[in-house]
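Novice: Sharing a structure, written as C-alpha cells. Questions coming.
No lab work stands behind these numbers, since they all come straight from the coordinates. Note that this is a predicted model, so its numbers are computed, not measured. Neighbour counts are summed over all protein chains in view; Cβ atoms, including those assigned to glycine, are modelled from backbone coordinates with ideal geometry.
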Amino acid sequence: MDKTLLAKTAAAMVAKGKGILAADESSGTCETRFKSVGVECTEDSRRAYRGMLFTTTGIEQFVSGAALQRDPVAPKLHADRLARALAHVVNLLGPDVIVLGGGVSNVESLYSMVPPLIARYVYRKEIETPLRRAAHGDASGVRGAAMLWDPGAQAP
C-alpha cells in the first residue's frame with residue numbers, strides 16, 4: 001500500500017469547501033425525497049437522479065468523491081459496527097427489544113445481517129432481543145419530538 005498516495009487522496013477528499021456526495025440513498029429515503037416533489041420513485045428515476053448529480057456542471061468544485069450504498073464492503077462494515085454498538089446496549093441494559101428509527105430504519109438488509117452479528121459480541125451465549133423497525137419508519141423521531149413539545153414553553 002502506498003501510504004503517501006493514500007494520505008494525498010484522503011486530504012483531497014476532505015479539502016476545504018468540498019464534501020463527499022451520498023449518491024445512492026436507500027429506496028425509502030429516496031421515495032420520501034421524490035414524493036415531496038411529486039416524482040415517482042422507480043429504478044429509472046433514481047438512476048436519472050444520480051446521473052443528474054454526477055453530470056452537474058461544476059460539481060467538481062464542491063464534491064471530492066461519492067459514496068455509493070452498493071459498495072460491497074460498506075454494508076457489511078456498517079452492520080458489524082452497528083452490531084457492536086447494539087451489543088453494548090444489550091450487555092448493559094438488557095432491553096426487551098431494539099428499535100431502529102430514522103434513516104437507518106430504511107436499510108432493509110440490517111434486519112437480517114445485524115442480529116447474528118450482535119450475538120457475537122454479547123456476553124450471553126444466546127440473544128433473545130429482537131431488532132425491529134420503528135412503527136412510523138424514518139419519521140418516528142420527529143413524531144416523538146412533536147409529542148413532547150409543550151406549546152406553552154418559552155424559548156431559552
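Novice: Those residues that are in contact with a helix residue (DSSP H, G or I) (Cβ under 8 Å, 6 or more places away or on another chain) and in a loop (DSSP other than H, G, I, E, B), I need them from the stretch 19-43; list them, please. Can you show your working first?
Specialist: First, the residues of the stretch 19-43 that are in contact with a helix residue (DSSP H, G or I) (Cβ under 8 Å, 6 or more places away or on another chain): 20-21, 23-30, 32, 34, 39-41.
Within the stretch 19-43, 23, 24, 25, 26, 39, 40, 41 meet the criteria.
Novice: Return yes when residue 63 is in contact with a strand residue (DSSP E or B) (Cβ under 7 Å, 6 or more places away or on another chain), closer than 26 Å to residue 18 by Cα, of a type in the set (Val, Ile, Thr) and surrounded by 12 or more Cβ atoms within 10 Å (Cβ to Cβ) and no when it is not. Working first, answer last.
Specialist: Values: in contact with a strand residue (DSSP E or B) (Cβ under 7 Å, 6 or more places away or on another chain): yes; closer than 26 Å to residue 18 by Cα: yes; of a type in the set (Val, Ile, Thr): yes; surrounded by 12 or more Cβ atoms within 10 Å (Cβ to Cβ): yes.
Against the criterion (in contact with a strand residue (DSSP E or B) (Cβ under 7 Å, 6 or more places away or on another chain), closer than 26 Å to residue 18 by Cα, of a type in the set (Val, Ile, Thr) and surrounded by 12 or more Cβ atoms within 10 Å (Cβ to Cβ)), residue 63 qualifies.
Novice: Kindly indicate which of 81, 46, 143, 50 is in contact with a helix residue (DSSP H, G or I) (Cβ under 9 Å, 6 or more places away or on another chain) and either among the basic types (Lys, Arg) or surrounded by fewer than 11 Cβ atoms within 10 Å (Cβ to Cβ) (or both). Even if it seems obvious, please write down each step before you answer.
Specialist: On the way: 81 fails: in contact with a helix residue (DSSP H, G or I) (Cβ under 9 Å, 6 or more places away or on another chain); 143 fails: in contact with a helix residue (DSSP H, G or I) (Cβ under 9 Å, 6 or more places away or on another chain); 50 fails: in contact with a helix residue (DSSP H, G or I) (Cβ under 9 Å, 6 or more places away or on another chain).
When all the criteria are applied, what remains is 46.
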